[in-house]
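Below is one structure; the comments refer to it alone.
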């Protein structure tokens, strides 16, 4: 048996052969030296590829995950602008950021081109970012300096301001890049540019080109010229460095930057070289740092803000909502208010004196003007709105209105002497200066001379609750202070009221009994231009027209013949009333058919005496307050047509049905004094005057009436000088009246001398004044005038009575004379 060798394992043989070959290859290859030992092209290639794919994936993921957010609150913040009543002239504004958004159509083409030349010359070609800009920014970062062009595109800056925040982080930069590309793809370039120019900061606390244009050049953005446009484009890069008004270094940088912008406009083809050479930097206005609440007009803005909050607007809406508010304030009237007080306010011994002024449009309630103090920043307390000084005699027109509603008339008579001290009153009431005017004075005269005792007497007769009710209906606040004064002294203004509420109450009289609540906000337009609110006047009738007609007549008499004569200088139909409370407050309030206003002076908190102010021993409402009121009304009403008041209604008496010897006819006990002490008129003359049916017409309507001749009525009514027109007319013939001599001032109008009662009742009065005062009065005048006055007819007058009767009948047939209308 033969033996054969075993065949070798093929796998082992192949492996050995490969090993030998590999060893021979390695032995024959040159070894790497230097950098070749660590660098491998294949490795590099794969690394670059991997990084590119990773970056592309990250970008894709970022685009997928990052959405365009809602605009941030800051970017959409817009100032609320407040206008005067014309809806166009700006009064002031409320703003967290002083920004006013405008459309691209209001931005001049030169401004758009200048900004593109300054900030992003490839704006209309790039896709929201610029690789060259980014490279330039990186190079600037390495050098530690900045170039003129910057690194971010306009779109990127817009995205940062409009959608993102100002923080410096890589995350924010990535989001900015992604959103910029998306915005560029979806939003028109003009819209991007407009939004950018409305959000960018321009320094001086201004955001956006509209407020910047006004701050730097005093014009709206639409009115910018080429040089001004280039200047704003230069400044916006860094306002603190390029505002030329901040110093010489800034001025130099501004000039260089301005030239860069102009050259850029040539480069982009916006202007030619000749235009560029002819364009020089414009004059830039210095910053006007004004507190928005500074000065007297600051009070107006405070009132508007308070009313907006009361309407339901919150602080954020007011500060950032971009509202457009048209107010009731009139620029001419407000300027008149400030000027009047600056011109008329006293200077001697006037420390601590406060002046409040308010004016209201009758029948509407719109507040036309308010002076609350010299500066709302230094003194936030509004002297015309927040202060409630005691009203004094300015409440008397509303006491008269209550009396007229209760059946009395202007001819009703009440106690005129001082003091007035019936037991049920408590402490006595005195007239100003403790003056006596007679035991029996008409309400008309009581208004003219502001006789306290007569109005307290009236309030006692009809009840103080009727006075309070009339005050509240007119416009006084129905507060605890008013209710706490529910006694007859409420008729002389012992309660407090603001000048604004006083003016609105007088506006109720001016509008013939229609009351409207005051307001300052007339219209609100939202940021989209839609009308969000429109004030609708809602006047309510609170007094009948005949009542206010007679009150107005009495107040015109107060101007012509009484304490409010300062208003005569207005030289148009006007009704007014003065008022003081002790020596603590001094008022002057009044109205024309178109405007009602009230002025009040007080010192400190209203508890310090005004005596001595302006060198006056007694500081009265007819002096400084009257002149202030008249000066204001003259300027405020300049250019307005003259309007007349309605005719007096001549409401007749219904309550004077009996006599008690005190001129009231109510049977109540009144102060009894010896005739030798005062010589006042009383007796039964004060019984109910005849009605129109009896033949008596209303009080005279002219300053001239008829002479009254009748029984001997000794004495002159005690009181101050009452000056007015001489009333002439028929002759009053009656019984001989004898009595003690009445001493005091002369009442011009009804001059009573000896046995002859001469006066101004137009017509002939005989006896009980039966007839018409504007024609012939016939009757028998009887009664005892607090002493030995008797109603014995004069036998010598019998023959003339028949003639008088005939004359009276003729006058009645002719219809009489109409009462003079003021």
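Key figures for this structure:
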item: Viscosity 1.567 mPa s, temperature 4 °C, Stokes-Einstein D of the stretch 328-450 from Kirkwood C-alpha radius, µm²/s; result: 72 µm²/s
item: Rounded D (µm²/s) - the stretch 535-610, Kirkwood Rh over Cα pairs, Stokes-Einstein at 20 °C, 1.002 mPa s; result: 151 µm²/s
item: Least to most buried among 395, 531, 221 (fewest other Cβ within 10 Å first); result: 531, 221, 395
item: Pairwise centroid distance, computed over Cα atoms, of the stretch 316-362 with the stretch 252-279, Å; result: 47 Å
item: Pairwise FRET efficiency - residue 251 versus residue 188, Cβ, R0 = 30 Å, nearest 0.05; result: 0.20
item: Virtual spin-label span in nm between residue 480 and residue 424, 7 Å along Cα→Cβ; result: 3.0 nm
item: Those residues of the stretch 190-230 whose amide nitrogen sits under 20 Å from the label point placed on residue 104, 7 Å along Cα→Cβ; result: 190-201, 208-211, 221-224, 229-230
item: The stretch 414-560 - Kirkwood radius from inverse mean 1/r over Cα pairs (Å); result: 17.3 Å
item: Gained length - residue 469 relative to residue 43, 0.36 nm times residue gap less alpha-carbon distance; result: 143.3 nm
item: Sorted by Cβ density within 10 Å, fewest first, the residues 526, 188, 195; result: 188, 526, 195
item: Gained length - residue 531 relative to residue 240, 0.36 nm times residue gap less alpha-carbon distance; result: 100.9 nm
item: Inter-label distance for residue 289 and residue 568, nm, one decimal - labels placed 7 Å from Cα along Cα-to-Cβ; result: 5.3 nm
item: Percent of Cα pairs exceeding the 18 Å cut-off, where the set is the stretch 464-527; result: 41 percent
item: Theoretical FRET efficiency, 1/(1+(r/R0)^6), r = Cβ-Cβ of residue 315 and residue 640, R0 41 Å, to 0.05; result: 0.60
item: Neighbour-count ranking [beta-carbon atoms within 10 angstrom, fewest first] of 497, 219, 181; result: 219, 181, 497
item: For the stretch 576-600 and the stretch 411-473, distance of Cα centres in Å; result: 19 Å
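Each reported figure results from applying straightforward, stated rules to the coordinates on display, with no laboratory input. Note that the structure is predicted; figures quoted are calculated from it, not measured. All Cβ positions, even for glycine, are placed from backbone atoms using ideal geometry, and neighbour counts span all protein chains on display.
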